[in-house]
1. Restricting to segment 99-115, give me the number of residues that are closer than 13 Å to D52 by Cα, surrounded by 13 or more Cβ atoms within 10 Å (Cβ to Cβ) and either without any contact (Cβ under 8 Å) to a residue 12 or more places away in the chain or β-branched (V, I, T) (or both).
2. Considering only residues that are buried (at least 21 other Cβ atoms within 10 Å of the Cβ) and without any contact (Cβ under 8 Å) to a residue 60 or more places away in the chain, which ones fall in segment 80-95?
3. Out of all the residues in segment 18-26, is one or more in contact with a helix residue (DSSP H, G or I) (Cβ under 8 Å, 6 or more places away or on another chain) and either modelled with pLDDT under 85 or of a type in the set (A, V, I, L, M) (or both)?
4. Any idea how many residues of segment 116-131 are surrounded by fewer than 18 Cβ atoms within 10 Å (Cβ to Cβ) and modelled with pLDDT of 85 or more?
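The values are calculated or read from the model by the stated rules, or taken from the named source; none is laboratory data. Nothing here was measured: the structure is a model prediction, and the numbers come from that model. Virtual Cβ from ideal backbone geometry, glycine too; neighbours counted across all protein chains shown.
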Amino acid sequence: MRRLQLASAGALAFVLAASLARAEPPRSMAYFEPKTPFVACDTHDQIMQVLDAVRAHKLSEKLAEFAKMAQSQSNHEAACVYSVLGPVLFGASEHVGVVFDSERAINMWVSHVGNLHGEFYLLWGEVGKETAV
């Protein structure tokens, strides 16, 4: 994620779809051009830490921790960013459970994606859908 800039984490944006169909992860090799910022991390472990922070309502703190770690390293690269990513191509996705936000149930996936900036992981969520898992 060398070219991605660390942005303010005032709010977490997921891709949210509200329909009554069964929830499914993005298909492998699906192209998507997000219009809103995403949290993206270099590794699976890091995005799982972000997911844990979302569940604990401590996302801002976790992203600040990653930013502080990046500043203390010589390469100044953030492990996780909150940024507009540009077009991505999806790889594998894994269902990681349901997160409740403002009394909405959001089915969540961790997806391995890539674009011109490299490969990374992001959270993908769908509101109000049953899970086929």
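1. So the answer is 2.
2. Once the filter is applied, which keeps residues that are buried (at least 21 other Cβ atoms within 10 Å of the Cβ) and without any contact (Cβ under 8 Å) to a residue 60 or more places away in the chain, segment 80-95 yields C80, V88.
3. No, segment 18-26 contains no residue that is in contact with a helix residue (DSSP H, G or I) (Cβ under 8 Å, 6 or more places away or on another chain) and either modelled with pLDDT under 85 or of a type in the set (A, V, I, L, M) (or both).
4. 3
Here is a yes/no grid of residues against (1) more than 24 Å from L89 (Cα to Cα); (2) within 13 Å of the chain's Cα centre (by Cα); (3) surrounded by fewer than 19 Cβ atoms within 10 Å (Cβ to Cβ); (4) aromatic (F, W, Y):
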residue: F32; (1), (2), (3), (4): no, no, yes, yes
residue: C41; (1), (2), (3), (4): no, yes, no, no
residue: Q49; (1), (2), (3), (4): no, yes, yes, no
residue: L59; (1), (2), (3), (4): yes, yes, no, no
